[in-house]
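Inspection log for the structure reproduced underneath, given as structure tokens.
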Amino acid sequence: MSSPQWMQDVVSSRFDHDIFPFWEGLKEGHFLLNRCRRCEKHYWPMTLCPCSDDATFEDMEWVPTSGRGTIFSYGVVMRAPQPAWQSEVPYAAILVELEEGPIFPTRLSGRAPDDIAIGLAVEVDLQLVPETGLTLPLFKIAST
Ligand SMILES: [Zn+2]
């Protein structure tokens, strides 16, 4: 299902040039992070790595990642922040410590499980929102 052009224009105008590849990657099923070509450190996101005094913007590249990590911290949202989200609660807002290092803010897909805990293994769970044309990088409890 494709969204109207005016909606796609609104959605694409929300993102600046630097973060746009991340959202395009999600559409194609890839969870991308910035990586520095010099020191190979991953970021979400970063336009200039502080590893070297003569680092340049060209040292940074978008690369596919495992899409896996562990719950670094979380909070369970019991009251919907807006009426349209009423059917979503309770859900868990989480910080994921990705295998590549960065901490990524997102939410757990579906309802928050009773046994949610810091350190639980999670993996990316891409969710297309047809009304906006966006693919959201939610996470789910890892299958293995
Ligand atoms: Zn670096």
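Observations on the model:
- For beta carbons closer than 8 Å, sequence separation of 6+ or different chains, a first residue in the stretch 19-44 that is within 14 Å of THR65 (Cα to Cα) and assigned to a loop (DSSP other than H, G, I, E, B) and a second that is among the basic types (Lys, Arg) and at pLDDT 95 or above, the qualifying pairs are LYS41/ARG35.
- When PRO83 is tested against (1) touching a residue at least 12 places away in the same chain (Cβ under 8 Å); (2) out of contact with any helix residue (DSSP H, G or I) (no Cβ under 7 Å at 6 or more places or on another chain), only condition (1) is not met.
- Answer residue from the stretch 43-83, given it is more than 16 Å from the ligand (Cβ to nearest atom) and among the charged types (D, E, K, R) and is farthest from ASP18 (Cα to Cα) among those: ARG79
Yes/no per residue for (1) free of Cβ contacts under 8 Å to residues at least 12 places away in the same chain; (2) over 23 Å from LEU26 (Cβ atoms); (3) not hydroxyl-bearing (Ser, Thr, Tyr):
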site	(1), (2), (3)
TYR91	no, no, no
VAL96	no, no, yes
ARG111	no, no, yes
ASP115	yes, yes, yes
VAL129	yes, no, yes
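- Residue ID - nearest to the chain's Cα centre (by Cα), chosen from residues in the stretch 55-91 that are in a loop (DSSP other than H, G, I, E, B), within 30 Å of ASN34 (Cα to Cα) and among the β-branched types (Val, Ile, Thr): THR65
- For the stretch 27-42, the set of residues classified as farther than 23 Å from GLY133 by Cβ and either near the ligand (Cβ under 9 Å from one of its atoms) or within 12 Å of the chain's Cα centre (by Cα) (or both) consists of ARG35, CYS36, ARG37, ARG38, CYS39, GLU40, LYS41, listed by residue number.
The values are calculated or read from the model by the stated rules, or taken from the named source; none is laboratory data. On a predicted model such as this, the values are computed, not experimentally measured, just so you know. Glycine gets a Cβ as well: all are built from the backbone with ideal geometry, and neighbour counts include every protein chain shown.
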